[in-house]
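The values are calculated or read from the model by the stated rules, or taken from the named source; none is laboratory data. Nothing here was measured: the structure is a model prediction, and the numbers come from that model. Ideal geometry is used to build each Cβ from the backbone, glycine not excepted, and the neighbour counts take in all protein chains shown. For accessibility, only protein heavy atoms count, side chains too; no ligands or nucleic acids. Shrake-Rupley method; radii C 1.70, N 1.55, O 1.52, S 1.80 Å.
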Amino acid sequence: MTEPTLFELSSPGRRGVRFPEPDVPKSALPEGFVRKDLPLPELAEVDVVRHFVRLSQKNYAVDYGLYPLGSCTMKYNPKINEDAARLPGFALAHPLQPIDTVQGSLALMYELQELLKEITGMGAVSLQPAAGAHGELTGVLIIRAYHQSRGDTKRTKILIPDSAHGTNPASSAMSGYEVVQLPSDKRGNVDLEALKAACDETVAGLMLTNPNTLGLFEENVLEVTRVVHEAGGLVYGDGANLNALLGIARPGDMGFDILHLNLHKTFSTPHGGGGPGSGPVAVTETLAEFLPGPIVTILEEGSEEVPPLYGFKMPNRSIGRVKAFHGHFGMMVRAYTYILMHGAEGLRKVAEHAVLNANYLLARLRHVYHIPYDRICKHEFVAEGIWDDAPGVHALDIAKRLIDYDFHPPTNYFPLIVREALMIEPTETESKQTLDKFADALIKIAEEAHTQPELLKSAPHHTPVGRLDEVKAAKELVLCCWFPEKESQAA
Amino acid sequence: MFLPHTDSERSEMLKTIGVSSIDELFKDVPEKVRYPALNLPPALTEMEAAAQLQQMAMANETTQDLACFLGAGAYNHYIPAAVDHILRRNEFYTAYTPYQPEVSQGTLQAIFEYQSLMCALTGMEVSNASHYDGATATAEAGIMAYHNFRGKRTRFILSPGVHPQYRQVFRTYMSGYENLEIVGDEANNDPMNYLERLEALIDGNTALVVVQYPDFFGQIHDFAPLAEKVHQAGGLFAVVINPIALGLLKPPGEFGADIVVGDGQPLGIPLSFGGPYLGIFTTRKEYVRRIAGRLVGETVDVQGRRGYVLTLTAREQHIRREKATSNICTNQGLMALAATVYLALVGKEGLRQVAELCYHKAHYAAQRIAEIPGYRVLNTKPFFHEFVVQCPKPVAEINEYLLDYGILGGYDLGQDYPTLSNHMLIAVTEMNSREEIETLVEYLKEFAHD
Ligand SMILES: Cc1ncc(COP(=O)(O)O)c(C=O)c1O
């Protein structure tokens, strides 16, 4: 069923939420500044609630079933996180309140910084970045500030493996760097020879994802970081997907200088249909003075009876602010709750089971789907969604057919170095039964691809809409159901 | 806790994989860094964690306990109950970005409606699906303008009336581009009157002029002449808005804005100590290919039924990589949904009513404060729901005193404007009762006497 838009549901004169009459004398409205028309819909509360409930039912979600989007870590989002973030003491605090009135929030931020330092083995953390890409921009600007502070101005390049997420090159370019792409070797590692050849005095740094987007641990990581350091560069770690490393290995111990983390992946904060996330940046002690700020710190040490006094400080040579206020505090509460409930042992179990689940699926599927880089994987793996003997069937068709089996498809067409990529990340919160059903479905689909390809080409069959005309969308560009011209013509 | 595996399932899985233990799955990790001993507090049960979080939250005093006159970019508004009920729908908050449109029509249509509402509110033609907050949206306006002129225009003019933190973020974002001039907001004796100074700075090298409406001091300016001046010089004009104010005020689309940005927090999003909020970004259709972030477009499916997809994705980093002009990926999806639900609930009449309540209450408060000996209200131009008060003592001292009486005082402007030390920015919304305003006036008066 097509759900009308809010504008189509609108009925002139209908009211939803009302507000009281003013309890103060009215003042004259500012002459010449009052708008003539406010073209918003008019609806009753029940209209609005039903509309959004009906829309919600058109979504697939983690709380409905397996959502194996590679690189996205769609793990279950604990419900206590949601309640914690909504505690009035947190949710109703204004960001600019005097610090002595918000010691609870500041303590939480301080402790989260400390926990993330310990988990990653880094020296300092800023919680300000709003998402992974925002953390990357922050990190690359720190690389820039570091070299500039040393008067080293000839470094103009950032090295990025060809398997990297698209945000890596985009973040480097936004920070004024030229991007040099590094090839991967046959095992899916960074090609060491190519790296060595590229490392000279013009290299500002390397952006490395480990495990990389093939889901593979960078086996030469210690050598890679050493080579970059020897050339005077810094190593940036894209820690968007740290799920396989919790309690297993710390980026700080592997030679990373800067790292961002996606709290909305590894640390279970929900994805919200596209955000909000939170992308804290961790750095070595040497780089701490460049972090964006302000950062939460202890202003006065506490004692046994008195808690410490928390407050803010701006790092000495900070790259500046990257966001208003203090970052996505609501997401910090959720991630903090998650870490508290796991402890060291629990976090290691998360990583172990994320890796167990991915390898189990890989083992069940490798006979049916070609795995171009086939070795023990970490949190995810990448299969080819194409067969030479089933011409015309593509990864996209497999993805759409999975919907018929009641699963969310994996990530398609990324990473770019695998043809017709199907990037599968089950996460640790899925049971063996779910994984088996998913593997069974993929095996069945592989068979269908060879026997009844039209079933795949015409999938999905039971969704609110079928495949959508993306060309039409891009050509006609209907991006809004309200147009100023229409309104002024009517007036 | 969140791991469903039993011992027997685990061993079956290991057998299928062909290894004898989980440890074997980590042999590719160099031994010398493998299995660090993490020094973390012992794991808590849900019950214990809930108690600890509750205790930490209670260490805060918030707008629930205090009469709030603090704004400066984050505002205490009423959030209708239904907003959070919708946000708590698992189908919305536990979904990812709508990459598979057939199973994401709920999110996609909601974003399409959000885009439509933002266009209607700002009087513009295109809205993206959101930025992180008002500050980063403002910075992205700078980047869009930079690329619009292919880096050839290097002057960016920022009004001192733009939120100080937005200007800081703007500078950080632009720091990767060489040889830019970011001017207009230098310290000045009269920071509230800047229109002429901004006009004088506009030249043929100007890429972008950014103003705020109402500005950081609450003032409502007529920006039409400035917009015209910018356009005559061939530059772009960006306006930072407060969406509640647009319930009452002429939208920037009517006075020449090329880009409208702002923070959507006032639209049903809790203060939450500064985030997550919502970055609004709208522009004119001619710039649609320059806009950063995601866009949802209407289309039809194979059977001709209406549906929605992410569109013009070729602009984005997934495909363009280093040639993309922005790196934004995850945005503020759920917060955009909050704003959409809020606007649907309050509607045409309700938003106007909230805006007017803010306006009347703020004006009443300003009048009453202006009557107190020792205090002076600086706003002479029309203002919305914030105004500047010159105080007889340092703002921090006054605020400490007010706090003792349960009042969260205004923002200390001296932090950002050297010539405005002892000046407080007071915000009044529909949440402030007349009684709270009278109490504020009473204690401001008493403090001046002490
Ligand atoms: C490997 C990797 N890096 C970076 C990002 C960007 O993170 P975000 O979407 O939070 O900006 C993602 C997520 O999409 C990712 O998977």
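Could you tell me which numbered condition A:Gln181 fails, if it satisfies all but one of (1) touching a strand residue (DSSP E or B) at 6+ places or on another chain (Cβ under 9 Å); (2) within 23 Å of A:His271 (Cα to Cα)?
Only one criterion is unmet by A:Gln181, namely (2).
State all residues of the stretch B:291-328 that are part of a loop (DSSP other than H, G, I, E, B), without any contact (Cβ under 8 Å) to a residue 60 or more places away in the chain and buried (at least 22 other Cβ atoms within 10 Å of the Cβ); if no residue qualifies, say none.
Once the filter is applied, which keeps residues that are part of a loop (DSSP other than H, G, I, E, B), without any contact (Cβ under 8 Å) to a residue 60 or more places away in the chain and buried (at least 22 other Cβ atoms within 10 Å of the Cβ), the stretch B:291-328 yields B:Thr311, B:Glu316, B:Ala324, B:Asn327.
Please go through the stretch A:72-86 and pick out each residue that is surrounded by fewer than 22 Cβ atoms within 10 Å (Cβ to Cβ) and closer than 23 Å to A:Ile398 by Cα.
none
Checking the conditions here, which among A:Gly277, A:Gly247, A:Gly252, A:Gly215 is within 23 Å of A:Tyr336 (Cβ to Cβ) and within 14 Å of the ligand (Cβ to nearest atom)?
From the options A:Gly277, A:Gly247, A:Gly252, A:Gly215, the qualifying one is A:Gly277.
Let me confirm something: among B:Arg167, B:Arg171, which residue is more than 14 Å from B:Val240 (Cα to Cα) and among the charged types (D, E, K, R)?
Sole residue among the options that is more than 14 Å from B:Val240 (Cα to Cα) and among the charged types (D, E, K, R): B:Arg171.
What do you reckon, is A:Lys26 under 27 Å from A:His461 (Cβ atoms) and within 7 Å of chain B (Cβ to nearest Cβ)?
no
I need every pair where a residue in the stretch B:419-440 that is within 10 Å of another protein chain (Cβ to nearest Cβ) and open to solvent by 10 Å² or more (accessible area, probe 1.4 Å) has its Cβ under 7 Å from the Cβ of a residue that is assigned to a loop (DSSP other than H, G, I, E, B) and of a type outside the set (S, T, N, Q), sequence separation at least 6 or different chains.
Qualifying pairs under 7 Å: B:Glu430/A:Phe19; B:Glu430/B:His77; B:Glu430/B:Tyr78; B:Ser433/A:Asp23; B:Arg434/A:Asp23; B:Arg434/A:Val24.
Quick test of your reading of the structure: A:Cys72 fulfils all but one of (1) more than 7 Å from chain B (Cβ to nearest Cβ); (2) within 16 Å of the ligand (Cβ to nearest atom). Name the failing condition by number.
(1)
State which residue is nearest to A:Lys437 (Cα to Cα) when the search covers only the stretch A:42-69 and only residues that are within 7 Å of chain B (Cβ to nearest Cβ) and of a type in the set (D, E, K, R).
Among them, the one singled out is A:Asp63.
Please work out which one of (1) in a loop (DSSP other than H, G, I, E, B); (2) away from chain A (no Cβ under 14 Å); (3) open to solvent by less than 10 Å² (accessible area, probe 1.4 Å) is the condition B:Asp185 fails and give its number.
Answer for B:Asp185: the failing condition is (3).
Does B:Glu371 satisfy the criteria of being in contact with a strand residue (DSSP E or B) (Cβ under 8 Å, 6 or more places away or on another chain), at pLDDT 95 or above and more than 8 Å from chain A (Cβ to nearest Cβ)?
no
So how many residues does the stretch B:70-97 have that are more than 7 Å from chain A (Cβ to nearest Cβ) and open to solvent by less than 10 Å² (accessible area, probe 1.4 Å)?
2
Name the residue that is farthest from A:Gly176 (Cα to Cα), counting only residues in the stretch A:123-165 that are away from the ligand (no atom under 15 Å from the Cβ) and open to solvent by less than 10 Å² (accessible area, probe 1.4 Å).
Filtering the stretch A:123-165 for residues that are away from the ligand (no atom under 15 Å from the Cβ) and open to solvent by less than 10 Å² (accessible area, probe 1.4 Å), the one farthest from A:Gly176 (Cα to Cα) comes out as A:Val125.
Test A:Ala204 against the stated conditions and say whether it is open to solvent by less than 10 Å² (accessible area, probe 1.4 Å), away from the ligand (no atom under 11 Å from the Cβ), assigned to a strand (DSSP E or B) and within 14 Å of chain B (Cβ to nearest Cβ).
When the stated conditions are applied, A:Ala204 passes them.
Is there a residue being within 7 Å of chain A (Cβ to nearest Cβ) and more than 16 Å from the ligand (Cβ to nearest atom) anywhere in the stretch B:326-335?
The answer is no, given that none of the residues of the stretch B:326-335 is within 7 Å of chain A (Cβ to nearest Cβ) and more than 16 Å from the ligand (Cβ to nearest atom).
Within the stretch A:21-69, take every residue that is in contact with a His (Cβ under 6 Å, 6 or more places away or on another chain) and buried (at least 16 other Cβ atoms within 10 Å of the Cβ) and give me the one that is nearest to B:Phe383 (Cα to Cα).
It comes out as A:Ser27.
Output the residue which, of all residues in the stretch B:391-418 that are aliphatic (A, V, I, L, M) and closer than 17 Å to B:Phe447 by Cα, is most open to solvent (accessible area, probe 1.4 Å).
Across the stretch B:391-418, the extreme among qualifying residues is B:Ala396.
B:Ala141: facing chain A (nearest Cβ under 7 Å) and touching a strand residue (DSSP E or B) at 6+ places or on another chain (Cβ under 6 Å), yes or no?
Here the answer is no, as B:Ala141 does not meet what is asked.
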